[in-house]
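Right, one structure below, let's go through it.
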Amino acid sequence: DAGITQSPRHKVTETGTPVTLRCHQTENHRYMYWYRQDPGHGLRLIHYSYGVKDTDKGEVSDGYSVSRSKTEDFLLTLESATSSQTSVYFCAIRETPRAEQFFGPGTRLTVL
Amino acid sequence: ELKVEQNPLFLSMQEGKNYTIYCNYSTTSDRLYWYRQDPGKSLESLFVLLSNGAVKQEGRLMASLDTKARLSTLHITAAVHDLSATYFCAVDGWDTGNQFYFGTGTSLTVIP
């Protein structure tokens, strides 16, 4: 299995609070991604990174920010969580642009 | 924006039967990936298809790619209960850098 961990694995928070999710990899892969998964929508890309300090927006980036200060860590921040951000969040890594992405175990976030 | 459509969305089939899942996409791409997801779990990479006419097989599953028709198929031969899962296709678009676009998934239930 690809060395990807996500923390926390489960979180319940209240509307308006900031939340940070962490993705950590031990594979030294250049590309990292954050997705959210919701019923009826499959997986949708939030943000991605193509190197340290190099990030870009995905399809559903509003309300989210990311940071990557080290190759192994990619952080996703919800500045002020809303109920619409209740979802399962997956991190993925990729070695090259033509390789498959490998996914972390996921974080289940509930915003009350 | 690249659109990826899978059909059917839900599939219930008897053990021993054959069936095909279809993945259509809206723009030029020669990179398509299939994933499997068990309930409450992460995504597992099944196949990587990187050229027109590519065919990959693993056990009872076979995937193919027709880039001219913008179509990939996942064929299931003599289904068994262990194949019950949700299957996703994902496409890399030439104009989207390294982003994946996922289909909404096909939920497969194999009935004994």
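The values are calculated or read from the model by the stated rules, or taken from the named source; none is laboratory data. What you see is a predicted model, and the numbers here were worked out from it, not measured in a lab. Note that we place each Cβ from the backbone using ideal geometry, even for glycine, and neighbour counts take in every protein chain shown. For the accessible areas, the whole protein counts, side chains as well, though only heavy atoms, and no ligand, DNA or RNA atoms are used. Shrake-Rupley method; radii C 1.70, N 1.55, O 1.52, S 1.80 Å.
Each residue in segment A:47-78 was checked for being in contact (Cβ under 8 Å) with a residue 40 or more places away in the chain and under 26 Å from A:Val111 (Cα atoms), and 6 of them qualify.
When segment A:3-19 is filtered for residues that are more than 14 Å from every other protein chain (Cβ to nearest Cβ) and farther than 15 Å from A:Ser87 by Cβ, the ones remaining, listed by number, are A:Ser7, A:Glu14, A:Gly16, A:Thr17, A:Pro18. Annotation: A:Pro97 fulfils all but one of (1) touching a residue at least 12 places away in the same chain (Cβ under 8 Å); (2) under 23 Å from B:Tyr87 (Cβ atoms); the unmet one is (2). Summed over segment B:54-112, the residues that are on the phi > 0 side of the Ramachandran plot, without any contact (Cβ under 8 Å) to a residue 24 or more places away in the chain and within 14 Å of another protein chain (Cβ to nearest Cβ) give a count of 1.
Could you check, for segment B:40-53, whether at least one of its residues is free of Cβ contacts under 8 Å to residues at least 24 places away in the same chain, open to solvent by 30 Å² or more (accessible area, probe 1.4 Å), small (Gly, Ala, Ser) and more than 14 Å from chain A (Cβ to nearest Cβ)? Yes, segment B:40-53 contains a residue that is free of Cβ contacts under 8 Å to residues at least 24 places away in the same chain, open to solvent by 30 Å² or more (accessible area, probe 1.4 Å), small (Gly, Ala, Ser) and more than 14 Å from chain A (Cβ to nearest Cβ).
Reported count of residues in segment A:41-62, each being open to solvent by 50 Å² or more (accessible area, probe 1.4 Å), more than 8 Å from every other protein chain (Cβ to nearest Cβ) and farther than 22 Å from B:Cys89 by Cα, is 5. Provide a single number: the residues in segment A:1-26 that are at pLDDT below 95 and open to solvent by 70 Å² or more (accessible area, probe 1.4 Å). Total meeting the criteria: 1.
Conditions (1) among the acidic types (Asp, Glu); (2) closer than 30 Å to B:Gln6 by Cα, marked per residue:
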{"residue": "A:Val12", "(1), (2)": "no, no"}
{"residue": "A:His29", "(1), (2)": "no, yes"}
{"residue": "A:Tyr33", "(1), (2)": "no, yes"}
{"residue": "A:His41", "(1), (2)": "no, yes"}
{"residue": "A:Asp56", "(1), (2)": "yes, yes"}
{"residue": "A:Ser67", "(1), (2)": "no, no"}
{"residue": "A:Lys70", "(1), (2)": "no, no"}
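Scanning segment A:79-93 turns up no residue that is open to solvent by less than 50 Å² (accessible area, probe 1.4 Å), touching a helix residue (DSSP H, G or I) at 6+ places or on another chain (Cβ under 9 Å) and without any contact (Cβ under 8 Å) to a residue 60 or more places away in the chain.
Scanning for something in contact with a helix residue (DSSP H, G or I) (Cβ under 9 Å, 6 or more places away or on another chain) and open to solvent by less than 80 Å² (accessible area, probe 1.4 Å), does segment B:68-87 turn up at least one residue? Yes, segment B:68-87 contains at least one residue that is in contact with a helix residue (DSSP H, G or I) (Cβ under 9 Å, 6 or more places away or on another chain) and open to solvent by less than 80 Å² (accessible area, probe 1.4 Å).
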